[in-house]
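Peer 1: Got a structure for you, questions after.
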Amino acid sequence: MRNSLKVETSSLLDSSEYEIPFEHIHNKKRIQTTTNDNLLVISFFLLVIGLLFQLGPNIEVSITALIAAAVFLAWALITRQKTFTIPTYDGNKIELFFNNNNKQKILDFSNKIIEASNSFLLNKYGKIDKALPFDGQLNNLNFLRDRDIITDAEYDNLKNQLLGRENKGSLGFNR
């Protein structure tokens, strides 16, 4: 079983490859849309120039600047990037770019990444072995609960197993 996620990134001029351990992957994601701020600043600057030159005799400069401002603004809006972002506990993030055509496919893939990470962590830290020290196993169960990999009820059930107690009369379902 793998214990990390292999990530490959590439751009026009460079590419990189690295691995992120499953222990570092957060199990929450967010949808984010980013716009190129540089294009917005250029658009605003040209808009101001166009408005200032309207006050003077150079109306051609004003019109040219206003048209250029509109072009840069349209370029900034057209080139917006939509991503599913999965943060990591080491300060990095996994960004999966999508468009309207492949949104569901990328969402499913991001869910698979989180499921693989949660499954690995549950398999590694969620096993009860009474021959091992109690404190270490309890810390593992706390780790799983703090990461929202197990519910409070599952935590109580595993803790009772660790203590050798039976869960008679407990409510709920087991995974």
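Peer 1: Please find, among L138, L107, the residue that is farther than 21 Å from E17 by Cα, aliphatic (A, V, I, L, M) and touching a Phe, Trp or Tyr at 6+ places or on another chain (Cβ under 7 Å).
Peer 2: Among L138, L107, only L107 is farther than 21 Å from E17 by Cα, aliphatic (A, V, I, L, M) and touching a Phe, Trp or Tyr at 6+ places or on another chain (Cβ under 7 Å).
A quick yes/no check of all residues on (1) among the basic types (K, R); (2) touching a residue at least 60 places away in the same chain (Cβ under 8 Å); (3) on the phi > 0 side of the Ramachandran plot:
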{"position": "V7", "(1), (2), (3)": "no, yes, no"}
{"position": "E17", "(1), (2), (3)": "no, no, no"}
{"position": "I25", "(1), (2), (3)": "no, yes, no"}
{"position": "R30", "(1), (2), (3)": "yes, no, no"}
{"position": "N36", "(1), (2), (3)": "no, no, no"}
{"position": "S43", "(1), (2), (3)": "no, no, no"}
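Peer 1: Could you list all residues from the range 123-153 that are surrounded by 17 or more Cβ atoms within 10 Å (Cβ to Cβ) and out of contact with any Lys or Arg (no Cβ under 7 Å at 6 or more places or on another chain)?
Peer 2: Taking the range 123-153 as the starting set, the residues that turn out to be surrounded by 17 or more Cβ atoms within 10 Å (Cβ to Cβ) are 125-126, 137, 140-141, 144-145, 147, 149-150.
Of everything in the range 123-153, those that are surrounded by 17 or more Cβ atoms within 10 Å (Cβ to Cβ) and out of contact with any Lys or Arg (no Cβ under 7 Å at 6 or more places or on another chain) turn out to be Y125, G126, Q137, N140, L144, R145, R147, I149, I150.
Peer 1: A follow-up question, please. How many residues, within the range 92-128, are among the aromatic types (F, W, Y) and within 18 Å of R30 (Cβ to Cβ)?
Peer 2: 3
Peer 1: Of the residues L39, L66, L77, which is over 26 Å from the mean Cα position of the chain (by Cα) and either in a helix (DSSP H, G or I) or more than 29 Å from I106 (Cβ to Cβ) (or both)?
Peer 2: On the way: L39 fails: over 26 Å from the mean Cα position of the chain (by Cα); L77 fails: over 26 Å from the mean Cα position of the chain (by Cα).
L66 is the lone residue from the list that is over 26 Å from the mean Cα position of the chain (by Cα) and either in a helix (DSSP H, G or I) or more than 29 Å from I106 (Cβ to Cβ) (or both).
Peer 1: Please specify each residue of the range 90-115 satisfying the condition of being open to solvent by 40 Å² or more (accessible area, probe 1.4 Å) and either under 19 Å from N36 (Cβ atoms) or small (G, A, S) (or both). Before you say what the answer is, go through the steps one by one.
Peer 2: Quick first cut of the range 90-115, residues open to solvent by 40 Å² or more (accessible area, probe 1.4 Å) only: 90-93, 95, 97, 99-105, 107-109, 111-112, 115.
Correct list: G91, K93, E95, F97, N99.
Peer 1: Give me the residue from the range 1-28 that is closer than 22 Å to N92 by Cβ, open to solvent by 90 Å² or more (accessible area, probe 1.4 Å) and of a type in the set (A, V, I, L, M) and, out of that set, modelled with the highest pLDDT.
Peer 2: That would be L13.
Peer 1: With respect to I31, determine if the residue is of a type in the set (V, I, T) and surrounded by 12 or more Cβ atoms within 10 Å (Cβ to Cβ). If you could, list the steps in order and put the result at the bottom.
Peer 2: Details: of a type in the set (V, I, T): yes; surrounded by 12 or more Cβ atoms within 10 Å (Cβ to Cβ): yes.
So I31 passes the test.
Peer 1: How many residues does the range 44-89 contain that are aliphatic (A, V, I, L, M), open to solvent by 40 Å² or more (accessible area, probe 1.4 Å), closer than 21 Å to Q32 by Cβ and touching a Ser or Thr at 6+ places or on another chain (Cβ under 9 Å)? Spell out the reasoning first.
Peer 2: Narrowing the range 44-89 to residues aliphatic (A, V, I, L, M): 46-49, 51-52, 55, 59, 61, 63, 65-71, 73-74, 76-78, 86.
Adding the requirement that they be open to solvent by 40 Å² or more (accessible area, probe 1.4 Å) leaves 47-49, 51-52, 55, 59, 61, 63, 66-67, 70-71, 73-74, 77-78.
Retained after the next criterion (residues that are closer than 21 Å to Q32 by Cβ): 73, 77-78.
Next cut, touching a Ser or Thr at 6+ places or on another chain (Cβ under 9 Å) only: 73, 77.
Summing the residues that are aliphatic (A, V, I, L, M), open to solvent by 40 Å² or more (accessible area, probe 1.4 Å), closer than 21 Å to Q32 by Cβ and touching a Ser or Thr at 6+ places or on another chain (Cβ under 9 Å) in the range 44-89 gives 2.
Peer 1: So which residues in the range 80-124 are among the hydroxyl-bearing types (S, T, Y), touching a residue at least 24 places away in the same chain (Cβ under 8 Å) and assigned to a helix (DSSP H, G or I), if there are any at all?
Peer 2: To start, the set of residues in the range 80-124 that are among the hydroxyl-bearing types (S, T, Y) comprises 83, 85, 88-89, 110, 117, 119.
Narrowing the set further to residues that are touching a residue at least 24 places away in the same chain (Cβ under 8 Å) leaves 83, 85, 88-89, 110, 117.
Result: S110, S117.
The values are calculated or read from the model by the stated rules, or taken from the named source; none is laboratory data. The model shown is predicted, which means the values in this text are computed figures rather than measured ones. Every residue, glycine among them, receives a Cβ derived from its backbone with ideal geometry; neighbour counts consider all protein chains shown. To get the accessible areas, we keep the full protein, side chains included, count just its heavy atoms, and leave off ligands, DNA and RNA. Shrake-Rupley method; radii C 1.70, N 1.55, O 1.52, S 1.80 Å.
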